[in-house]
Amino acid sequence: MKKIVSLMLSVVLCLAMGVTVSAEESSTQTVADKLQSVEKFMYGTEQAGALVTRLDNLEKDVLGQQTSGAVMSRVDNVYNAIEGVPTDGSLSIASKLNAVEWQFADRMSTEPAKTRIETLEQIMNGASNTTGSLLGRINALTATD
């Protein structure tokens with residue numbers, strides 16, 4: 001079964017390469033636009049509060065820890081990990097989530113990513129994991145060992 005997930009991830013990667021937002025388009029988005037886009041993908045709606053507080057919360061949920069540095073760099077890192085092209089060359093969370101969901105549900109939901117991950121955990125493991133970062137949780141769902 002894990003070989004199938006691995007194969008599906010490869011297929012999604014190939015498909016994602018054809019529909020990836022160009023770097024030029026991505027660079028024209030403001031920090032607030034990127035943060036809003038990620039929040040809508042992850043939670044279904046833009047979150048309330050100050051931009052830095054929202055970023056801190058998003059990093060904790062997605063990456064498992066708050067990082068330091070320039071706000072612009074932090075937003076870019078979260079954006080690339082979720083919707084763009086991660087700096088380490090791996091698949092984005094969106095691509096991984098789409099592949100796993102397609103494999104096990106034969107569809108890709110429009111629900112928030114957090115809800116989709118919980119549903120997939122329920123299907124694959126019998127229970128949702130309430131601890132850990134969303135990145136760690138999606139990586140566990142796509143593990144091939």
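A short reminder: the numbers here are calculations on the coordinates, not readings from a lab. Everything numeric here is computed off the predicted structure, so don't read it as measured data. Using ideal geometry, Cβ is built from the backbone for each residue, glycine included, and neighbour counts are taken over all protein chains shown.
Taking N as the residue count of the range 99-145, its C-alpha radius of gyration divided by 2.2 N^0.38 Å amounts to 1.05. Using a cutoff of 8 angstrom between alpha carbon atoms and counting only pairs six or more residues apart, the relative contact order for the range 38-145 works out to 27 percent.
Take the Cα of Gln122, step 7 Å toward its Cβ, do the same at Asp61, and the gap between the two points is 1.8 nm. Scalar couplings 3J(HN,Hα) for the range 87-97, obtained by applying the Karplus form with A = 6.51, B = -1.76, C = 1.60 to θ = phi - 60°, are 5, 8, x, 7, 6, 6, 4, 4, 5, 4, 4 Hz; x denotes Gly and Pro.
The trypsin sites (Lys or Arg not before Pro) of the range 54-145 that DSSP puts in a loop, and whose beta carbon has at most 15 other beta carbons within 10 Å, are Arg107. Would you mind computing Rg(Cα) / (2.2 N^0.38 Å) for the range 49-145, counting N as its residues? Working it through for the range 49-145, the quotient is 1.10.
Grab the beta carbon distance between Ser37 and Thr115, set R0 = 25 Å, and tell me the FRET efficiency rounded to 0.05. The value I calculate is 0.90.
Simple spin-label estimate for Thr30 and Asp106 gives 4.5 nm between the two label positions (7 Å along the Cα-to-Cβ direction from each Cα). Remark: the range 70-82, residue by residue, has Karplus-estimated 3J(HN,Hα) of 5, 4, 4, 5, 5, 5, 4, 4, 5, 4, 5, 5, 8 Hz, where x stands for each Gly or Pro and the curve is 6.51 cos²θ - 1.76 cosθ + 1.60 at θ = phi - 60°.
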